[in-house]
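Visitor: After the structure tokens below, expect a handful of questions from me.
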Amino acid sequence: ASFPLLAARADLLARQQRYAEAEQQLEQLLKQRPNDPDLWYDLAEVRGQVNNIIGLHQARAEFFARVGDYPQAIEQLGHAKNRASNNFPLAARINARQLELVNEEQAIKDMMQ
């Protein structure tokens with residue numbers, strides 16, 4: 001199916017409060033368009049509804065990174081990391097992503113000088 005059709009389906013699932021299905025649909029869409037901030041925004045919303053709070057912060061971080069708000073993105077990953085402290089592999093992945101964003105932010109600052 002086409003991207004617009006699948007995006008509409010994800011939206012409909014969320015409006016029907018079928019949040020787990022909407023989450024899966026959005027994750028599929030993000031494989032096609034990983035840099036689409038709207039998809040990350042929507043994913044954060046549905047993850048909040050299914051009480052995936054770590055995932056909510058991760059999706060918010062990716063949203064903020066895509067719109068160029070690195071301080072907010074890095075802060076969101078900090079929240080995710082705090083909640084994942086008892087899950088070492090997940091916390092390590094979140095930490096690695098946080099460092100990537102810190103480096104991206106610095107590279108952009110260096111270019112602007």
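The values are calculated or read from the model by the stated rules, or taken from the named source; none is laboratory data. None of these values were measured; they are calculated from a predicted model. Every residue, glycine as well, gets a Cβ built from its backbone with ideal geometry; the counts of neighbours run over all protein chains shown. The accessibility values were calculated without ligands, DNA or RNA, using every heavy atom of the protein model including side chains. Shrake-Rupley method; radii C 1.70, N 1.55, O 1.52, S 1.80 Å.
Visitor: For the stretch 16-22, just list the computed ³J(HN,Hα) in residue order, Karplus coefficients 6.51, -1.76 and 1.60, θ = phi - 60°, integers in Hz, with x standing in for Gly and Pro.
Guide: Values, residue by residue: 8, 6, 9, 5, 5, 5, 4 Hz.
Visitor: Taking the Cα of residue 82, stepping 7 Å toward and past its beta carbon, and measuring to each backbone N in the stretch 25-58: which are under 13 Å?
Guide: Under cut-off, by backbone N: 54, 57.
Visitor: Sorted by accessible area (1.4 Å probe), largest first, how do 109, 81, 31 line up?
Guide: Putting 109, 81, 31 in descending order of accessible area: 31, 109, 81.
Visitor: Here's a follow-up. Take the solvent-accessible surface of the protein heavy atoms, probe 1.4 Å, and return the percent of it on the chain that carbon and sulfur atoms account for. Each step should come with its number before you reach the end.
Guide: Details: 3510 of 6950 Å².
That fraction is 51 percent.
Visitor: What whole-number value in Å² describes the accessible area per residue of the stretch 20-84 for a 1.4 Å probe?
Guide: Using a 1.4 Å probe on heavy atoms only, each residue of the stretch 20-84 averages 50 Å².
Visitor: Please compute the modelled spin-label separation between residue 93 and residue 110, points set 7 Å along Cα→Cβ, answer in nm with one decimal.
Guide: 2.8 nm
Visitor: When only Cα pairs under 8 Å and 6 or more residues apart are kept, what is the percent relative contact order across the chain?
Guide: Relative contact order, the chain: 16 percent.
Visitor: Another one. Report ³J(HN,Hα) in whole Hz for each residue of the stretch 35-52, in order, from the Karplus equation J = 6.51 cos²θ - 1.76 cosθ + 1.60 where θ = phi - 60°; Gly and Pro get x.
Guide: So the Karplus estimates, Gly and Pro as x, are 9, 8, x, 4, 5, 5, 4, 4, 4, 4, 4, 6, 5, x, 5, 8, 6, 8 Hz.
Visitor: Dipole of the stretch 8-106 (Lys/Arg Cβ +1, Asp/Glu Cβ -1, origin at the Cα centre): which of 54, 74, 35 lies farthest to the positive side?
Guide: Working it through, the farthest residue towards the positive pole turns out to be 54.
Visitor: With only alpha-carbon atoms in the gyration tensor, what are the semi-axes of the equivalent ellipsoid for the chain, in Å, largest first?
Guide: Semi-axes from the Cα gyration tensor: 26, 18, 10 Å.
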